[in-house]
Structures are given as C-alpha cells and as structure tokens.
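The values are calculated or read from the model by the stated rules, or taken from the named source; none is laboratory data. Treat the numbers as computed from the prediction; the structure is a model and nothing was measured. Note: ideal-geometry Cβ built from the backbone for every residue, glycine included; neighbour counts use all protein chains shown.
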Amino acid sequence: MTETLSSRTASTTRVVNQAVPRRDSHEKLRGRTRYAGDVDIAGQLHARLVRSPVPSARIVSRDASAALQVPGVVAVLFGEDVPNNEIPTNTAGIKGRPLPPSWVLAVERVRYHGEPVALIVAESPRALAAAEALVEVEYDVLPVVSDPERALEPGSPEVHEGGNLLSQWRIDRGDVDRAFAEAPIVVEGSYEAQVVDHAYLELETGIGWLDDEGVINIKASTQEIEHYRRIAHIVGLPDSKVRVQAPYLGGGFGGKEDMTVEPYIALAVQRTGRPVKMVWSRQESLTARAKRHPVRMRYRTAAAADGTLLAHDIEIVSDAGAYPLLSGFVLLYITLNAAGPYRCDNVRVHSRAAYTNNTPGSAFRGFGGMQPVLAYEAQIDRVADAAGRDRVEVRKANAFVVGDRIPAGQRIETAVWLPQCIDAVLEAIGPRPEPSSPEHRVGLGLACNVQPYGRVAWMNDSASAWVGCERDGGVVVRCGVPDVGGGQVSSLAQIAAEVLHVPMDSVTVHFGDSARTPLAGRTTATRQLYMSGNAVLSAAEELRGQLLEGVAQGTGQPVSELTLTEGGVLTPGGVVPLAEVVAMCLASGVAINAMRTYFAPTGEPVTELVDSERIVPDFTFGAHAAYVEVDTRTGQVRPLRYVAAHDVGRAINPLSVRGQIQGAVVQGIGYALTERIVYDEGVNLTGAFYQYAIPTAADCPEIEVAILESGEGVGPFHARGIGEPPIGPCAATLASAVEDAVGARPATLPMLAETVLACVDEGGRA
Amino acid sequence: MTGGMGTAETTITLNGAEVTGRAPADTTLVRWLREQAHAYEVKEGCNEGTCGTCTVLVDGRAATGCTTLAVQVDGAAVETSASLADGEELSPLQAKFWETGAAQCGFCTQGMLMSAVELLRSGVEVTPAVVREHLHGNLCRCTGYQAIVDAVVDAAAEGATR
C-alpha cells in the first residue's frame, strides 16, 4: 500500500505523476532484455584476471611461460604490457595532497587481497581456468595494516609512501567549546559501522570488439559510460577511439561507478584484434571489488534543557582500503551530513580516511550520507531522554527550516517536510503487535535523515538530451543515461510524453551510448532524474515550440492560437495530426529536434575546512518507523512491520518511487542486521555468496511507503532525487526499535546476536 | 576443451521444443542452456546455488541451474521464464509483476518467476507469508520483495498458474 500526501490537491499532468508500469519491465518480464553478459560474438575470446592472494606484498617475479603453453591461451598481459598502466585519481576538490594512482595491473607491489596482477586472454573459459594457476607470481609478503585507526598511528606500515592519511575534512562553525561549557545537557556516544558489499545480482560483465573505424567498442554493465576517456588513456588511444555502451543493468548501487571489466576488455581487444568477453565471478566480486566504507564515529552533543541542540563535537575515522578511488568524496559526504537534518549553530567535525590493506572503499548507495545516521539519530534520542521530552517532539523542534544553514555553510532553500514525514510514518505504523512468546519483546523505532542529491557544485555537472520527432509523429529521445534498474529511461519517456502530449508508447528512448547519445553523466549521486530529467524537459519544451511554429507557418494561424493536444496540434480549424505537423515544419524550414544541456548550480571547490554557500544542489528528507521483535534468549531481531516516508518533491512515477524506497529499505535492513565483509589481517574471508547474508523475502517485513510531495524539488516538475535517500534511516530505525524493545541500544553494525544479547543484559528486561 | 573431461550429448525438452547439444560433461545446466540452447533469459548470479537467479523448472520442480549439471537432466522437460508469455502478451503472473513494479533491474526476475510458478501450480493456499517462505531462495536486491509478494498473491487470487 502506498499513500501520497501532496501539496497539490489535484494533478494537472497526464503522464507524469501517474503510477504507470515502467516501459522496460515488459521485455524484462518476457526474458528478452539483453544485458551486457547476454551478448556473444562469433569468434570471441574470453578474459580473466589473476589476482593477488595476499593483502600486502612486493612482487618479486612474474612468469607467464607455463600459462602460455595451455592450449587455447592467446595472451597473458602484465602491467608492462599496458600502454598507460597508471590510473590517475581524480583529485577535484581535494586540494594540496596529490593522491596516489591505482594500477590497471600491479607491477611492483600489491596492497590488497584480490588486486589484479595479470590478464589472461584465451579461446574459452576453460582454458582461462587452466591457465590461471600456471601464471607464476612470486610475492615477498610485507606487513599488513588492516585497522584504520592503527594505520594512522606513527610507525604503522605505510600502504602508500607518505603516510596512511588519505584525506581529512573539518567543519568548525560557531563556538563549540563555549556551547559545551554552558550547556545543561551533554550526551556522548561511539558508533561503528561495517564493510558491506553491493551484491547486485548481475555480476561485472562486458564484451568488446573493434569496429571498422578502429574504435574499441565496449558493451558493459556500468553506471558510467564516460569512463571511455579513462579507458582510452589506458590503452593509449584518442578519446574518440573508445566507445562504451551500457545496456540495461542488473543493478549497480554504486558498485559499477568505478571501472570494473572495461579497461581489461579494451586491453585484450587491442592486443588481439578480436572480440573479447569478460565476466567476473561472484567470488571475485565479493573478494576484490570496492565496498562501502566502514566507519568509527565518536559524538559529543550539547543541548539546552528543552532539548534544543546547541553543539556537536564529532570525530570520524573511515577505512578507505588500499587505494583512494572515491574515498575522499565519500568522506566529504559523511562530514557534510554528520549532524543530520537538524539545526545546530556550533558544530565541529573532524573526519579522516585512512589507507589500509583492506579492499578499497568507494561509492555505495548513500555515499557517506548513510553512515552518520546511526550516530546522529542515537544522539538526538539521548538528548530528548536527558531533557525528559518526547523524542518525536525534539526532532520536530530541531528540524531544519528553509533558510537555515547546514553546518558546512550551505543554506536550505527548499521545503523541509521532516515533521510531515514523521507524522506520516507514525500514523501508518499502526498498533504495536503482541510478542510471539514471553521471551520475546516488541519495540518501535523511528529515525530521520537528510541526503543531498546531485553532484558537488565544483564538478560543474551537466547532462544533455536530444528530443525529436519522426515523420510518422513518433517521438525519439536520445540521452546517454545508463539505466541501472531504477527506471531512469522510463522516467525520461514519461517526461517527454507529458510535454509533447503523446502516449508513453510512442516515445522511443536511445540511451547509454558514449558515441551516439548525448552525454548525460553517470547514474550516481541520485542525479539522473534531476539532471537528465531537466535536460529532456528542456529539449521537449523546445521541440514543442518548434511544432507549434511549424503549424503557425503552415496554417497562417498565430502561435498564440495553437496548443499541443492528444495526437497533434489543436488549431481553430481542428486538430492537425502530428505526422502532418512534422511535414509542415519541414516545409517551412523549422527544425523538428532540439538538444539541450542542463547545468547544475556551480561553486568553488571546498577547502579542507568546509564552509561554503554552495556544495550540493538540494536535499531529500525522510523518516522511517518500524516494529521489531527481539528474542531475548538468542538475540535475534526480526522486523515485523516497516513504514518509510520521503518528500520527493513530486513523484514522476509513484510506482518507481515506491520501488526505490522499498528496495532501499531492504538493503538497509541487511546493513543493519546481517551483512558484513569479514577480514583477517587484510585477507577477505567473505569469498562466497552464502557467507554474505543479504535479506531474503522470508526475512523481510511488509514495507509500506508514504510518498510526500512538497512540490519543491529542483528536478523536473519539482521532483527531488529518491534513489539513495531511503537507505539512510534503516539501521538507526532498527537500533531505535531494539532499544525500545530491550532497553539498550546497539551502536555497532551489523546488530549481530551477541551485540543484541549484550543490549538485553544491559537493558535488564529479559 | 582442455583437461580430461569427456563431452556428453544431452537432449532437453526446453519450453516444449527438443534441444540437443554436446558439451563437456561437467557443464552446468545454466551454462548449457545459455551456450547450447541460447536461452539467454536464464541468468547466472553466483554459480554456487545461493542466489536463485538461475532457477528453472525441471520436470515441474524448481532447480538452480548452477548446481545442476546438464547431463543430470538429460531427457527432462525444462521450463524457463521465456515459456510464460503468449507471444507479446504477458502471462497472468507476469502481468501482475508488471502492474506492481515487481521487476526493477529484471535480473533476479527470471528465476523469481519460475519459483513463483512452482508455487502457483502446487495448489497450496497462497498467502503473503507462504510466498515469502517459498521465494526465500531467490534473492532480489532492488525491490525489497514487497511488489513481488503482492504480485504473486494477486496472481494466485485470480487462479493463475503461469
């Protein structure tokens, strides 16, 4: 069930804001959608990586001679065979500290378990498997550092020369020390969150081939077709000689934001001139692909006697793993969001990301907006308790309002419907269920969050889209958006159909092609509906103007007398069908297509001391509530019922919004209760899917969604981004529910049985 | 072919049509279906029997194609998600998935549908709890399962078997 609370009494749109089945789902249900791994080309080769079995070592020697003797093996590449083996780290916005590169194939040193060392190309997957064990690499094992705080201590083994501090950010707003000295309430807490994996069902996959123009084509499961430039650099070709296409993805969640298979496919195609396919196994994906950053967070919070927040003093350490990737940016998002959706004039944050010999951390849905929710929601509960006030009322009283500054300096410019979200979930959660036995306790949890959408301002983000008419009146959209499974393409069709007054079915969308669709940036940062949606809206509006102009020229009627209507243009003399409208345009020299680029607000890069008027485009707010049942004998936590509310500005497709929220909640439940990657001194022990417990249907409660529409987002039709935000509050919601059930609150994720049993003991309600 | 494994000829009735292929005897059913029968609708997600993505029906019973060898099902009838629709027209179960938004990325969907078909054909009374228990071997990372459960319950209420 989904409820919608809207600032508008009636929808004035026909297609947008309607819960329409997604256009891609029909073919997906028939099993006909071709994902990157479903493409085979006659004569193709197969490629596979040889990865380091140890987390830290000097490479003494490498020898491929035995592997090359295996029948069917075509080539074995080492780092020296890569034209540009060094992958520079994007340092935009992280000034003053050159970040070390990562390597396509490690040459001198490996820094994490699973780091690629060699690339085998062969006629068959069987030949690859036979050759893998015969690529001889001798390692001289080096000391390992796997704890981020230890890594920052003097004398720790250096993962990269120059120390293990990757980046740090600070916020220093107001007079924190004075606020603490004068505050009647001071609460403290330490919180810790673990490493988790994206665990999309479609593995890292792609196929590449050389075309007649000498362009290396790569069709891959990627959130970022614009890696083509980076890939071209690696293989030493001009940017225009690499093309990346992203067909529909089987999930991404940030895990396909960095390159995965693409550079290796390009190298193998370049070396052999033949088509090459690469599919990573689940086991290597779990072992070696980048993960969500684990964090340790120490909070001190000061408040007035009535629970008004006065100050935060926050220390955060994040484990970046062995290479920088996007860790600096994720840490920035952790820092920006550390105080949550609440007004606070005195805030000090010091966050640090440390290199270790663990799997690199990088993007994962929530992107640093996720981790601090566990902490700031526990802190505000402690403040409310200390003030003797209701936790809900304290949240509402402290919630941002328009005009407030976040601690990092930016003003809140659009509606904050946090109180409305809280009311919606508390109304929908319903009566407290009865425990299933005398040994069980039921608890109600509540948590709120804020999550930015769109990229940071100094990325100077843009997205382009082309919208045109065919001569039969059909509408075509070309937009380089990768569709990761969230309905990105379908929403663009909805927007074009809305503006041009045509049915969804008459809109065809060409997407995800770095050579043949206008570039629209990556499908990350909850930015595609916002960015590409605005670009399509703008291009479709331009096309609408062209169509009216063509009819004005063709009929002699002024444009002011003409409107687009179902099936064509309405004139005083009747409806001109769209195909005729197109003919009139062409006869009059009026174009029937438009390309528009949407530019996000820009700003200067922040310094290490973050204080800026413009950091992100806007924010999405939400609240979640859940009932859980705790077995006081085993420590098992079972969610019984879950309600999530977010203000999405305006839902372009309520069905997709609901799906995003429900899916994020279950990913968040996994984060809260069961999922973790386990290391033993840098060795990743979670190398099989059965060891990594993502929630099953049987583990999950009924999830109800309340879609709130303030009408104030900065996306098309005032939409806000909703892809990432709903994963934020889940862990805090369940921690709060466990506390309500047993009297003490888990502060470490996942909330394993032993953690919960300790809470049962501490709470004394068993 | 490398190593000492011999090849085997396998014949499967795939969605009603007989298919014969020759492959190394240790070829899993999911790879056989994709490589020998071009049944690309069958997806592989883990190759260890955990995620259920490659679920197909073998003589009417759900099986994971990555933990079944093709030679083990020689002579059997195998049904995949491609068997459900009637041409362009979605099956009643698929139509419910379509309406509820139960297919997002669509990758787990192929196995999810087949496990659901097994349940619909079983004659068991279908409640949300029964659906959740029956589908617990099919992992989904996009939908949160709610739309899938709703779709299967709705389909069962209308007497759907495919």
- Task: Could you list all residues from the range A:346-376 that are in contact with a strand residue (DSSP E or B) (Cβ under 7 Å, 6 or more places away or on another chain), assigned to a loop (DSSP other than H, G, I, E, B) and of a type outside the set (Gly, Ala, Ser)?
- Result: A:THR356, A:ASN358, A:THR359, A:PRO360, A:PHE364, A:GLN371, A:PRO372
- Within the range A:657-679, residues being under 16 Å from the mean Cα position of the chain (by Cα) and closer than 24 Å to A:LEU492 by Cβ number 7
- Item | Matching option when the condition is under 27 Å from A:THR517 (Cα atoms), aliphatic (A, V, I, L, M) and crowded, with 17+ Cβ neighbours inside 10 Å, among A:ALA651, A:ALA623 | A:ALA651
- Can you name the residue in the range A:283-322 that is touching a Leu at 6+ places or on another chain (Cβ under 8 Å) and part of a loop (DSSP other than H, G, I, E, B) and is also farthest from the other protein chains (Cβ to nearest Cβ) among such residues? A:ALA304
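Every residue, every condition in (1) within 21 Å of A:ILE727 (Cβ to Cβ); (2) outside the structural domain of A:VAL373 (by TED's automatic domain parsing); (3) out of contact with any strand residue (DSSP E or B) (no Cβ under 7 Å at 6 or more places or on another chain); (4) in contact (Cβ under 8 Å) with a residue 24 or more places away in the chain, yes or no:
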{"residue": "A:ALA447", "(1), (2), (3), (4)": "yes, no, no, yes"}
{"residue": "A:PRO452", "(1), (2), (3), (4)": "yes, no, no, yes"}
{"residue": "A:CYS469", "(1), (2), (3), (4)": "no, yes, no, yes"}
{"residue": "A:GLY473", "(1), (2), (3), (4)": "no, yes, no, yes"}
{"residue": "A:ARG478", "(1), (2), (3), (4)": "no, yes, no, yes"}
{"residue": "A:ASP483", "(1), (2), (3), (4)": "yes, yes, no, yes"}
- Message: What's the total number of residues in the range B:110-130 that are free of Cβ contacts under 8 Å to residues at least 24 places away in the same chain and hydrophobic (A, V, I, L, M, F, W, C)?
- Response: 3
- Message: Suppose we filter A:VAL144, A:VAL186 for residues that are buried (at least 21 other Cβ atoms within 10 Å of the Cβ), among the hydrophobic types (A, V, I, L, M, F, W, C) and modelled with pLDDT of 95 or more; which single one remains?
- Response: A:VAL144
- Yes/no for B:ALA37 being more than 27 Å from A:SER490 (Cα to Cα), in contact with an Asp or Glu (Cβ under 7 Å, 6 or more places away or on another chain) and more than 10 Å from every other protein chain (Cβ to nearest Cβ): no
- Task: Evaluate the following for A:VAL714: is it out of contact with any His (no Cβ under 6 Å at 6 or more places or on another chain), surrounded by fewer than 24 Cβ atoms within 10 Å (Cβ to Cβ) and under 22 Å from A:GLY622 (Cβ atoms)?
- Result: yes
- Query: Residue check: is B:VAL78 in the same structural domain as B:LEU33 (by TED's automatic domain parsing), of a type outside the set (Gly, Ala, Ser) and under 13 Å from the mean Cα position of the chain (by Cα)?
  - Reply: yes
- Note on the structure: Restricted to the range A:14-25 and to residues being touching a Lys or Arg at 6+ places or on another chain (Cβ under 9 Å) and of a type outside the set (A, V, I, L, M, F, W, C), the residue surrounded by the most Cβ atoms within 10 Å (Cβ to Cβ) is A:ARG22
- So B:GLY65 clears everything in (1) within 12 Å of chain A (Cβ to nearest Cβ); (2) within 30 Å of A:GLY254 (Cα to Cα) except one condition, right? Which one? (1)
- Query: Can you spot a residue in the range A:469-476 that is at pLDDT 95 or above, of a type in the set (A, V, I, L, M) and part of a loop (DSSP other than H, G, I, E, B)?
  - Reply: no
- Residue under evaluation A:VAL616, criteria (1) part of a loop (DSSP other than H, G, I, E, B); (2) more than 21 Å from the chain's Cα centre (by Cα), criterion not met: (2)
- Query: Residues B:VAL126, B:VAL149, B:VAL130: which one is out of contact with any helix residue (DSSP H, G or I) (no Cβ under 7 Å at 6 or more places or on another chain), modelled with pLDDT of 95 or more and either more than 7 Å from chain A (Cβ to nearest Cβ) or surrounded by 17 or more Cβ atoms within 10 Å (Cβ to Cβ) (or both)?
  - Reply: B:VAL130
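Please count how many residues of the range B:25-38 are in contact with a helix residue (DSSP H, G or I) (Cβ under 6 Å, 6 or more places away or on another chain) and crowded, with 24+ Cβ neighbours inside 10 Å. Can you show your working first?
Taking the range B:25-38 first, the residues in contact with a helix residue (DSSP H, G or I) (Cβ under 6 Å, 6 or more places away or on another chain) are B:25, B:27, B:29, B:32.
Imposing the further condition that a residue be crowded, with 24+ Cβ neighbours inside 10 Å reduces the set to B:29, B:32.
Qualifying residue count for the region: 2.
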- Item | Matching residues in the range B:80-109 - criterion: being at the interface with chain A (Cβ under 7 Å from one of its Cβ atoms), surrounded by fewer than 24 Cβ atoms within 10 Å (Cβ to Cβ) and in contact (Cβ under 8 Å) with a residue 60 or more places away in the chain | B:ALA82
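Matching residues to (1) modelled with pLDDT under 95; (2) more than 21 Å from the chain's Cα centre (by Cα); (3) not hydrophobic (A, V, I, L, M, F, W, C):
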{"position": "A:VAL714", "(1), (2), (3)": "no, no, no"}
{"position": "A:GLY721", "(1), (2), (3)": "no, no, yes"}
{"position": "A:GLU724", "(1), (2), (3)": "no, no, yes"}
{"position": "A:ALA731", "(1), (2), (3)": "no, no, no"}
{"position": "A:VAL738", "(1), (2), (3)": "no, yes, no"}
{"position": "A:ARG745", "(1), (2), (3)": "no, yes, yes"}
{"position": "A:LEU749", "(1), (2), (3)": "no, no, no"}
{"position": "A:ALA753", "(1), (2), (3)": "no, yes, no"}
{"position": "A:VAL756", "(1), (2), (3)": "no, yes, no"}
- Task: Give the residues of the range A:40-64 that are outside any strand (DSSP E or B), among the hydrophobic types (A, V, I, L, M, F, W, C) and out of contact with any Phe, Trp or Tyr (no Cβ under 9 Å at 6 or more places or on another chain), sorted by residue number.
- Result: A:ALA42
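Could you tell me whether A:VAL394 is out of contact with any strand residue (DSSP E or B) (no Cβ under 8 Å at 6 or more places or on another chain), in a loop (DSSP other than H, G, I, E, B) and over 23 Å from A:ARG765 (Cβ atoms)?
Judged against the criteria, A:VAL394 is not a match.
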- Being surrounded by fewer than 24 Cβ atoms within 10 Å (Cβ to Cβ) and either in contact with a Ser or Thr (Cβ under 8 Å, 6 or more places away or on another chain) or among the charged types (D, E, K, R) (or both) is the filter here, so list the residues in the range A:205-222 that pass it. A:ASP211, A:ASP212, A:GLU213, A:VAL215
- Count, please, the residues in the range A:740-757 that happen to be out of contact with any Gly (no Cβ under 7 Å at 6 or more places or on another chain) and touching a residue at least 40 places away in the same chain (Cβ under 8 Å). 7
- Query: Do any residues in the range A:110-132 that are within 14 Å of chain B (Cβ to nearest Cβ) have Cβ atoms under 7 Å from those of residues that are assigned to a helix (DSSP H, G or I) and surrounded by fewer than 24 Cβ atoms within 10 Å (Cβ to Cβ), where the two are at least six apart or on different chains, and which pairs are they?
  - Reply: A:ILE120/A:ALA67; A:ILE120/A:GLU132; A:ALA131/A:ALA67
- Task: Would you mention how many residues in the range A:240-269 are hydroxyl-bearing (Ser, Thr, Tyr) and closer than 24 Å to A:LYS28 by Cβ?
- Result: 2
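Conditions (1) of a type in the set (Asp, Glu); (2) within 7 Å of chain B (Cβ to nearest Cβ), marked per residue:
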residue: A:GLY659; (1), (2): no, yes
residue: A:VAL665; (1), (2): no, yes
residue: A:GLU675; (1), (2): yes, no
residue: A:TYR679; (1), (2): no, no
residue: A:VAL683; (1), (2): no, no
residue: A:ALA693; (1), (2): no, no
residue: A:ALA697; (1), (2): no, yes
residue: A:CYS700; (1), (2): no, yes
residue: A:GLU704; (1), (2): yes, no
